[in-house]
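Following: one structure in C-alpha cells, then a few remarks.
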Amino acid sequence: MAKKLHLATKSDYYSIKRIHKPKVWLPYWKALNVGRQMWYDIGLVETGIKDETHYWVEEEQKDQQTGEVTTVIRQYEYRDNPLHPFFNLHFTQEEIDASIEEGENLLAKIA
C-alpha cells in the first residue's frame with residue numbers, strides 16, 4: 001500500500017503533479033472538491049427554516065431547577081468549512097477543475 005502524502009501548501013499539490021503519475025496525484029486534487037461544506041449547529045431558534053441549506057430538529061430540554069421539560073428547535077445550516085484545504089490554500093475552482101480534467105485525460109490515454 002502506498003504511503004499517504006501530506007500536502008500542506010498549494011505548491012505541494014503542483015509538485016506532486018510534476019513528480020508523480022496521475023494515478024497518484026489525481027485523488028488528492030479530487031479531494032479538494034469533497035467536504036468543502038458541512039452542517040453547522042447555529043443554535044436554538046423560535047421558528048426553524050427548512051430548505052436546501054437549512055434544517056431543524058426538535059429537542060427536549062429539561063430545566064435543572066424545576067425538572068420541567070420543554071421542546072426547543074435547534075437550527076442547522078450547510079455552509080463552507082473554513083478549515084478545508086480549498087479555502088486555506090486559496091485554490092480557485094478553475095484550477096481544480098483544470099487539474100482534474102488533465103489527470104483524467106492522461107489516465108484515459110494510458111487505459
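With (1) over 30 Å from ARG18 (Cα atoms); (2) in contact (Cβ under 8 Å) with a residue 40 or more places away in the chain; (3) in a loop (DSSP other than H, G, I, E, B) as the list, and PHE91 as the residue in question, which single condition is left unmet? Result: PHE91 passes all but (1). Scan the stretch 19-35 for residues that are touching a residue at least 60 places away in the same chain (Cβ under 8 Å) and part of a helix (DSSP H, G or I) and jot them down. Within the stretch 19-35, PRO22, LYS23, TRP25, LEU26, TRP29, LYS30 meet the criteria.
Restricting ILE73, ILE49, ILE42, ILE96 to those that are modelled with pLDDT of 95 or more, in a helix (DSSP H, G or I) and of a type in the set (A, V, I, L, M, F, W, C) reduces the list to ILE96. Any residue that is surrounded by 11 or more Cβ atoms within 10 Å (Cβ to Cβ), under 14 Å from the mean Cα position of the chain (by Cα) and either of a type in the set (Gly, Ala, Ser) or at negative phi (or both) - is there at least one of those in the stretch 13-28? Yes, because at least one residue in the stretch 13-28 is surrounded by 11 or more Cβ atoms within 10 Å (Cβ to Cβ), under 14 Å from the mean Cα position of the chain (by Cα) and either of a type in the set (Gly, Ala, Ser) or at negative phi (or both). Residue pairs whose Cβ atoms lie under 7 Å apart, separated by 6 or more positions or on different chains, with the first residue in the stretch 67-88 and in contact (Cβ under 8 Å) with a residue 60 or more places away in the chain and the second surrounded by 10 or more Cβ atoms within 10 Å (Cβ to Cβ), are PRO85/LEU32.
Within the stretch 55-70, one or more residues are closer than 30 Å to VAL34 by Cα and surrounded by 15 or more Cβ atoms within 10 Å (Cβ to Cβ).
The values are calculated or read from the model by the stated rules, or taken from the named source; none is laboratory data. Source: prediction; values computed, not measured. Glycine gets a Cβ as well: all are built from the backbone with ideal geometry, and neighbour counts include every protein chain shown.
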